[in-house]
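Please read the structure below before turning to the comments.
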Amino acid sequence: MSNLSVRDLYKTIARTKTHLVQSKEIATTCVCPYLFKMAYPFGVVGGERDYLVANTVHDIISLASPTTILDNWLQGKTETDYEQIAKAIDKDSEGIVERAIANAKEKARTDGKSAVLETFDYEVQDRFHGLLIGLSKRVMKKYEQPKRAVTEITITNVKQCQEGRIDAIFEFSDGRYALVDWKTNDINKSSGSGIDRWQLVANFLLANYRYTGDENNWSKCLFGSVVYYEGAYLPRFPLNDEWISKVKNDRKFAYEILCGGRPHAQKPPFCPVCDRDGESSSDCRFYREDSRQALQGNLPVDYANIRKLLLKRRYLVLDERAETHKHKFVISATIDNLGEIHGLQELEKTGVIYSGYWVDSTNANSITLVKKYVNDAKIILLEPRKVVRIIGKENEGIPLLACINEKGFVKEIDETKLVIDLDGNTIAERAKTQLSGFPIIIIPDEINLTRRVLEPMSKFHRLAAEIMLPSCSYPGNQSE
Ligand code: SF4
């Protein structure tokens, strides 16, 4: 493959096929395929919830996992032991917690999106402590101290059209790994039967790919768990084959929907979301009936035309979403064709990726990468505001798009230095902790705004139905 080939790859990769289904979306589809369809293509967005406490705890535990949690990992036996282990980690993490709380308050103040509760500090510390109790009581008790932890890692398996962000992976001295998903957004028990379990199974497939190159190779997988306040859910191993097939089938369903297909959707016998009159049920009832009436040709012409136009626009928006992943498909195909070393050289020559950087320093929310040598032949297409993925090129045969990484915006670039803005000071601190010491490769990335673009279309669709269709023509048509 020559230079031209990389460019040709961009042309040939069918525009609408470069979709990646996120693990969370697969989990939603596993709960109910209509729940996924509510989001894509219809654009129904669940009510806004304030995640400031949850996100802050997430940031804290992503910094504590590779440091204070590993350092204090002990196999307790009694409630007192678990409490003492959690307290020891709390103590050693005081600096991390203080900085994360200060950063979160500063961010809430500047973006003005979230109100900071008076009890914010207490809520964050209490939820962090609750997760540590859950971890020591259910995980540390059973498993020896891991040798390393990587956190908030996005893994992309292009061949399976799947991507997901994993909260934490613990690596053990025998080469095996364990997944941990932290439930920071509420203190209730995780639902072993619902979305948490399916997301965990979907993420196992990505982690298998990271450690073996094959999502079906479970030889490196030790366990996985959803850790919540003072408890944890650990599915029994070996995992139930039906669960794995369901995740793969529903991944295929979601992928086909994103590509504009109309795969058959089966309503589940019971849904933990809607049969408790959850949010999306009225929207779901509306869109299901709307599609049925359209299929039967029962809709008034003017409304039917608006509906058709909206659907067409929605699928164009989904095509744009596919564009956001196009680079990863080209990178993956080039490496598959040429092998990693030669593939990366070809991609660098064409200005698709940039290598030779190392972590130098951080300053507030930005990280500075420096080059040890300047490659004259190189094309530089990087410019300020470009979205990039910063990849720490790990060894042991870990695929490039499964290596540790962070996402950010280019701030400054010159021959020997690249400064990238990250989504907060705590993220910059984590990037420095996790990426330092690894050769850095920069690849283009994009922000996925699809849901934000689809949401007004759903609102307009419902409004059109309310105005143009006779009242109570079908369920959910009356805006509740
Ligand atoms: S209302 Fe029923 S079909 Fe619709 S999303 Fe909920 S469970 Fe699924």
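Under a model in which nothing but the beta-carbon of Lys, Arg (+1) and Asp, Glu (-1) is charged, the chain shows a dipole of about 1380 debye around its Cα centre. Qualifying trypsin sites (Lys or Arg not before Pro) in the range 248-353, where qualification requires a DSSP coil assignment and no more than 10 other C-beta atoms within 10 Å, comprise ARG276. Charging the Cβ of each Asp and Glu at -1 and of each Lys and Arg at +1, and nothing else, the dipole of the range 126-233 about its Cα centre rounds to 240 debye. Choose one of ILE96, PRO41, THR80: the residue whose Cα lies farthest towards the positive end of the charge dipole of the range 39-97 (beta-carbon charges +1 Lys, Arg; -1 Asp, Glu; about the Cα centre). My answer, from the dipole projection, is PRO41.
Across the range 52-140, Cα-Cα pairs more than 20 Å apart make up 34 percent of the total.
For the range 52-140, the solvent-accessible area works out to 48 Å² per residue, with a probe of 1.4 Å and every protein chain left in place.
Compactness ratio for the chain: Cα radius of gyration over 2.2 N^0.38 Å (N = residue count) comes to 1.02.
Overall, the range 1-158 carries a charge dipole of about 920 debye about its Cα centre when +1 sits on the Cβ of Lys and Arg and -1 on the Cβ of Asp and Glu, all other atoms neutral.
Restricting attention to the chain, close to 85% of DSSP beta bridges with both partner residues there are antiparallel. With all protein chains in place and a 1.4 Å probe, the accessible surface of the chain carries 52 percent carbon and sulfur. Label reach from GLU79 (point 7 Å along Cα→C-beta): in the range 203-242, amide nitrogens under 15 Å belong to 230-231.
The values are calculated or read from the model by the stated rules, or taken from the named source; none is laboratory data. Everything quoted here is computed from the prediction, not taken from an experiment. Cβ atoms come from the backbone with ideal geometry, glycine included; neighbour counts cover every protein chain shown. To get the accessible areas, we keep the full protein, side chains included, count just its heavy atoms, and leave off ligands, DNA and RNA. Shrake-Rupley method; radii C 1.70, N 1.55, O 1.52, S 1.80 Å.
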